[in-house]
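Peer 1: Mind having a look at this structure? Questions to follow.
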Amino acid sequence: MNVKEEEFISQYSAAVSKKKLIKEKLIKYFFMINSLAAIFLILSIFIFLLYESYRAFEQIGIGEFIGKEISTPGGTAKTIYQWYPTSEEPRYSIISLLVGSLLTALPATLISALFGIAVGIYLSEIASSRSREILKPVIEIFAGIPTVVIGFIMLAIGATVFNDLFHPPNRLNAFLASIGLSIICIPIVASLTEEALRSVPNELRMASYSLGANKWQTIKNVILPAAISGLSAAIILGFGRAVGETMIVLMASGNAAELTFNIFRSMRSMTATIAAEMGEVSFESNHYYALFVIGMVLFVSTFILNLIAELILNKMRKKLRS
Amino acid sequence: MKEVKIKINNLSVYFNYIQALNDVSIELYANRVTSIIGPSGCGKTSLLRTINRMNDLMHGFRLTGEVLIDGVNIYEPEIDVVNLRKLVGMIFQKSNLFPKSVYENLAFAPMLHGIKDKKEIEEIVERTAIQAGVWNEIKDRLNENALNFSAGQQQRICIARALTVEPDILLMDEPATALDPVSTARIEELIFELKRKYTIVVVTHNMQQAARISDYTAFFYLGHLVEYDKTTRIFTNPANKQTEDYVTGRFG
Ligand SMILES: Nc1ncnc2c1ncn2[C@@H]1O[C@H](COP(=O)(O)OP(=O)(O)OP(=O)(O)O)[C@@H](O)[C@H]1O
Ligand SMILES: [Mg+2]
């Protein structure tokens, strides 16, 4: 190889690598800008909610959002927990809405945990690859049903069937809504459970079988304990989805703004309240700002739930990798 | 005096349409260490997993021929796989301790098989850990997560765990491949100790290791048993040209 040739090659390869480098850098910046934009967006939503809630606290007072103290005819004071921003004496207790949200979300989470984990175990540990290939898309379809359709079905058919069978005090109630919520939460918990179980290294199954354990003993004593953090994350994320869901609760829960702990009564959730009232409220009224307080409570609580789930998952991945 | 512990007659193993072992007949002796050597993919792991029926878990597994342990064909329908696996312990290439405490790892099998008395379990834990030469390192750390221990320690805890079912036979699939020389030496010493009580079958890719630890060596190639003899003979004066080429490192 003569000197000229060498020069040519070195120049040429330098040009190529420079071009490649620029391309890689551009790609890197593209993704960085995207993620920064996402963070910026979330942050501005939060600041916006915070600002509007601040206005609400300023104009209405923080105490009002817990409950309202009124004096009874007997002369004693009593706190009532109601959400009635449009009444003459407006009431802004978020407590009743918070309890409403929990009254639908907690049973839905319980149901989804039970069935979702069972389905996840089936998918990961028991199903043949054929039946898994069929079952997985079916489950994903369930997760993708528009929630308004589920709400409608619960309202039209679910309520009638449930009413005829159990005669609850209210035709539309929290229980009905939580059944509807389960339809979307079960697939979420199921696929997250499957993912968690599949991330358990196969060597652990082998160890268990080689010690004489059968399939159930292996699932119960080895696989589930190894995936416990993944399972908790699945349940938390399912819960987050149930708390954040709007349409199903709006349609199936009866929408009564009374504080109740009875699951067979009508109630109202935080999400349904925002959805139902935001369209009609007059701009920058007290009611308008109060809705933002609900929004902030929702935003913060789902954010924290997701954060906890993410932390747990991270920890699990690290633990299983070592 | 040597006593035949495992007798394999005309064994062929298939995974779907792949044939992993082809008409293998071999007798493995009690209280001896037998090395299984051969190039990658020649069926060493398949052979080990046939002896404790772990292959049953593999998709598309099928076999013809017989595997007799103490004269009993372990593929007879009336054989209880749980009892078989209590008779035949297995050590894997990479330690696969459960992400639980050391104690829970060692108590796993005894509790599984119905031992409830805490004292009895503690005795088993101590005895097997002593046997596996790891007791001194774990005795003050029994409640610590097993994955906190070094790779070599973990592998010896695995051996202890395999001993908790009180097996007669230990199958080891490249037990020291993932370890540093010092840890490897400890495992080799341990194998030497354990053969007094157990029948040991070790798969290894390390010729020096096979020569050091085993009494008998079987050389496999493409699913066939090419040569099986005393280790000294396999490494000094093999009958087969392929064996000679392999143990001297000319191919593999
Ligand atoms: N579960 C399985 N499914 C399909 N084929 C398999 C399975 N296990 C082993 N085989 C095939 O059987 C043959 C023998 O494999 P085996 O694992 O017994 O080889 P090996 O000698 O242990 O190799 P290595 O030294 O790489 O561990 C290979 O062709 C392998 O692809
Ligand atoms: Mg192998």
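Peer 1: How much mean residue ellipticity at 222 nm does the protein assembly as shown get from its helices, if each DSSP H run of length 4 or more adds -39500 (n - 2.57) and you divide by all residues, to the nearest 500 deg cm²/dmol?
Peer 2: Helices in the protein assembly as shown give a 222 nm mean residue ellipticity of -17500 deg cm²/dmol.
Peer 1: Pick out, in residue order, every one of the GluC sites (Glu not before Pro) in the stretch A:54-132 that is DSSP loop and has at most 16 other C-beta atoms within 10 Å; say none if there are none.
Peer 2: Taking the stretch A:54-132 and a limit of 16 other Cβ atoms within 10 Å, the loop GluC sites (Glu not before Pro) found are A:88.
Peer 1: If we count every other residue with Cβ under 10 angstrom of residue A:127's Cβ, Lys/Arg +1 and Asp/Glu -1, where does the sum land?
Peer 2: Residues close to residue A:127 contribute a combined charge of 0.
Peer 1: Same structure, new question: Please give the net charge around residue A:262, taking every other residue with its beta carbon less than 15 angstrom from that of residue A:262, where Lys and Arg add +1 and Asp and Glu add -1.
Peer 2: +2
Peer 1: For chain A, what's the radius of gyration and Dmax over Cα atoms, in angstrom?
Peer 2: Looking at chain A, its Cα Rg and Dmax stand at 26.6, 109 Å.
Peer 1: In degrees, nearest 10, range 0 to 90: what is the angle between the Cα axis of helix A:286-321 and the longest Cα principal axis of chain A?
Peer 2: Between helix and principal axis, roughly 40 degrees.
Peer 1: Using R₀ = 25 Å, calculate the FRET efficiency as 1/(1 + (r/R₀)^6) where r is the Cβ-Cβ separation of residue A:40 and residue A:20; round to 0.05.
Peer 2: With a Förster radius of 25 Å, E is 0.25.
Peer 1: What FRET efficiency, computed as 1/(1 + (r/R0)^6) with R0 = 56 Å and r the Cβ-Cβ distance, is obtained for residue B:115 and residue A:80, rounded to the nearest 0.05?
Peer 2: 0.40
Peer 1: Another question about this same structure. How much length is gained on full extension from residue B:25 to residue B:94, taking 0.36 nm per residue of separation minus their Cα-Cα distance?
Peer 2: Computed gain between residue B:25 and residue B:94 is 22.0 nm.
Peer 1: Okay, which of the stretch B:62-102 sit inside 20 Å, backbone N to the point 7 Å along the Cα-Cβ direction of residue A:202?
Peer 2: B:62-63, B:90-99
Peer 1: A further question follows. Find out how many positive minus negative residues lie around residue A:238, taking Lys and Arg as positive, Asp and Glu as negative, among other residues whose Cβ is under 14 Å from that of residue A:238.
Peer 2: -2
Peer 1: On a 0 to 90° scale, report how tilted helix A:94-121 is relative to the longest principal axis of chain A, with both axes built from alpha carbons and the result rounded to the nearest 10.
Peer 2: The two axes meet at around 40 degrees.
Peer 1: If R0 is 22 Å, what FRET efficiency do you get for residue B:56 and residue A:217 from their C-beta distance, rounded to 0.05?
Peer 2: Plugging the Cβ-Cβ distance into 1/(1 + (r/R0)^6) gives 0.90.
Peer 1: If you don't mind, another one. At what distance in nm do the modelled label points of residue B:205 and residue A:128 sit from each other, each positioned 7 Å from its Cα along Cα→Cβ?
Peer 2: Result: 3.5 nm between the two label points.
Peer 1: Please give the charge dipole size of chain A, origin at the Cα centre, charges +1 on K and R Cβ atoms and -1 on D and E Cβ atoms. Round to the nearest 20 debye.
Peer 2: The dipole of chain A has a size of about 1340 debye.
Peer 1: For a test of understanding, tell me how many lysine pairs in the stretch B:16-128 have Cα atoms under 27 Å apart, given they are 8 or more places apart or on different chains.
Peer 2: Qualifying lysine pairs in the stretch B:16-128: 10.
Peer 1: What whole number of Å gives the distance from the Cα centroid of the stretch A:215-244 to the Cα centroid of the stretch B:110-129?
Peer 2: Cα centroid of the stretch B:110-129 versus Cα centroid of the stretch A:215-244: 29 Å apart.
Peer 1: So, one more: How many angstrom lie between the Cα centre of the stretch A:14-91 and the Cα centre of the stretch B:184-234?
Peer 2: When both Cα centres are located, 68 Å separates them.
Peer 1: Which distance in nm do the two modelled labels at residue A:315 and residue B:78 give, with both placed 7 Å along the Cα-to-Cβ direction?
Peer 2: The modelled label-to-label distance comes out at 5.2 nm.
Peer 1: Placing unit charges on C-beta atoms (Lys and Arg positive, Asp and Glu negative, everything else neutral), compute the dipole magnitude of the stretch B:1-155 about its Cα centre in debye, rounded to 20.
Peer 2: 300 debye
Peer 1: How far apart, in nm, are two points set 7 Å out from the Cα along the Cα-to-Cβ line at residue A:135 and at residue A:115?
Peer 2: If labels sit at residue A:135 and residue A:115, their model points lie 1.4 nm apart.
Peer 1: What length, rounded to one decimal in nm, is gained on full extension from residue A:307 through to residue A:156, with 0.36 nm per residue of separation minus their alpha-carbon distance?
Peer 2: So the chain would gain 50.7 nm between residue A:307 and residue A:156.
Peer 1: Please give the Cα centre distance for the stretch B:1-69 versus the stretch A:160-185, rounded to the nearest Å.
Peer 2: 59 Å
Every read-out reported here was derived from the displayed coordinates using simple, explicitly stated rules and does not represent laboratory data. Note that the structure is predicted; figures quoted are calculated from it, not measured. Methodologically, a virtual Cβ is constructed for each residue, glycine included, from the backbone with ideal geometry; neighbour enumeration extends over all protein chains shown.
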